[in-house]
1. Considering the options A:His42, A:Leu86, A:Gly393, tell which one lies farthest towards the positive end of the dipole of the protein assembly as shown, charges being +1 on Lys and Arg and -1 on Asp and Glu at the Cβ, about the Cα centre.
2. With point charges of +1 on the Cβ of Lys and Arg and -1 on the Cβ of Asp and Glu, referenced to the Cα centre of the protein assembly as shown, which listed residue (A:Val441, A:Trp295, A:Gly272) lies farthest in the positive direction of the dipole?
3. About the Cα centre of the stretch A:317-384, how large is the charge dipole given +1 on each Lys and Arg Cβ and -1 on each Asp and Glu Cβ? Please answer in debye to the nearest 20.
4. Going by the alpha-carbon gyration tensor, a ≥ b ≥ c the square roots of its eigenvalues, is the stretch A:133-220 rounded (a/c under 1.5) or, if a/c is not under 1.5, prolate (a/b greater than b/c) versus oblate?
5. Arrange A:Met293, B:Met60 by Cβ neighbour counts within 10 Å, fewest through most, would you?
6. In terms of modelled amide H atoms, which long-range or inter-chain residues lie less than 5 Å from the amide H of A:Val181?
7. Quick one: A:Glu81, A:Glu231, fewest Cβ neighbours within 10 Å first, how do they rank?
8. Could you check what % of the DSSP bridge pairs in chain A are antiparallel, to the nearest 5?
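Please treat every number below as a calculation from the coordinates, not as lab data. As the structure is a computational prediction, the values presented were derived from the model and not from experiment. So basically every Cβ, Gly included, is an ideal-geometry build from the backbone, and we count neighbours across all protein chains shown.
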Amino acid sequence: MGVDQSENPRDATLVEDAWSVGQLNREIEDALVESRDRFPTHIVGEIAEVDHYGFGTFFELRDLEADPVISCLSWSQAVSEFEHELKEGTEAIVEASVDFYPDRGACQLLVTGYWPLGESKRQQKLAKLRQQLDADGLFDEDRKQPIPSYPNCIGLVTSPSGSAREDAWAAINSRSPRTTVKLFGATVQGEDAVPSMISGINHLDADSEVETIIVTRGGGSDADLWCFNAEPLVRCIAACSTPVIVAIGHEDDETLAEYVGDARAMTPTKAGVLATTPFEDVLSHLTVIEDRMLWGYRSVVEDRVGRLAQRIVTAYEGLEQRDSHLQSLRQRARDLEQRITNRYTTVVDTRLDTLDTRIDQALKEVELATEAESASARVAHGRLNDLERRVNGAYQTHIDRELNSIDHRIETAYRNVEAEARIEAGTAQARRLRLVVAVLVVLLILLGLGIAFVLL
Amino acid sequence: MTDTSNDIQERIDRLESIAETLEDGNVDLARAKELRDEADEHLQELRTLLQVNEGDVIEMDKIE
């Protein structure tokens, strides 16, 4: 049997003395058969874990004061004859015989009678505790803390050797490999379970690195899970400052601890799922956000750039229009300048022509006038000449006459004077007379010239 | 909640807010650029924080 007999004589003795499992089971069966009279026919206990099948009903009968349980089976025929339905939590008396199955090494009560006594004390106590906890507000939804989505560290209170540990760890690691798990191995059933788990929860709650605590165990009987209804444990979970996920048993199992926790999960695996966010989902979510952000950014840029471009186009078109307008104005100015120039030239030419004509006309008139005046002047000049000749003739005649008269008179006077003053004033008187005569002659000449000048 | 967890959640929330602001479009070019740069920084930091590293399993004191 795997023991090396040659090496150790003592091991050889053990082999000879050891029984097989079959031998043991048969011996147990024989002992039970022989002791049948020692066993009662009626047993009192609490009904638990009722499972109905077509051929019969399996359930557990639990000690009213302690944890021990025993499996029970009632064939369907017997169940149909029960006056009351088998109901979990019911304190009842059953009529049963003890059966032992050597193939499985299992002991079981074969129940043939069932008499409920009412709700068991355990259930009454549980109901009362539930009421008290509810009155204290421990079940209120608004006191529940949110479970962190991206924990760096999760605390795990569970059996160090059970499958719950592996299930929870696998779920956490697959979804969030970066998350550290601090495992507090605790007893999760029996009388040591409550202080063990309370110690673990308090230890992890005091650890600042722990962001979420998972309290979990796998499925079991009501007796196995009853510790999660214990008031000290329930209140410890409720008072925890760190968010607590409670995952006890399977979906049909309900304990007070699950209701006071911040979240409830059906299984250890689901507790790990609840405590984490798949990092691929986070990265995908980041990609979606990034796409949204880039799309929004691109839209804003395109919109603003589009508006700016439109403004530039509009401004450019405005400048083009303005330039075209300026070109038009310049062309118009040039046209006007040309027109003015042409018109001015025309007007000036016309005026000049007119002036030329008038000047010519005037010149002609002047010429005519001049010629007429010249003719007149010639006539006048001729006449003047005639008058001059006549004046000169008349003057000469007059002068001659006067001179003759004067000569005569002078002669006469001279003779007289000479006669009278031949001696005294000889030449002087004669000279004075001559002088007077000369002055008179000059005066007459000047008078004649002046008259001629005036006439000219 | 540790600073890193807070940081992750806050950065993701901030990225959501930036995305909504840019999608809404009521920002000028300069502000859009600022938001874009901030978002890029958050994304880079988050991808660093979320970089796959094997977390440890630390076994605390056990009570049987």
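1. Highest projection toward the positive end goes to A:Gly393.
2. A:Val441
3. The calculated dipole for the stretch A:317-384 is roughly 140 debye.
4. Since a/c reaches 1.5 but b/c is at least a/b, the shape of the stretch A:133-220 is classed as oblate.
5. With the sparsest Cβ surroundings first, the list reads B:Met60, A:Met293.
6. A:Ile154, B:Asp56, B:Val57, B:Ile58
7. So the residues, fewest neighbours to most, are A:Glu81, A:Glu231.
8. 60 percent
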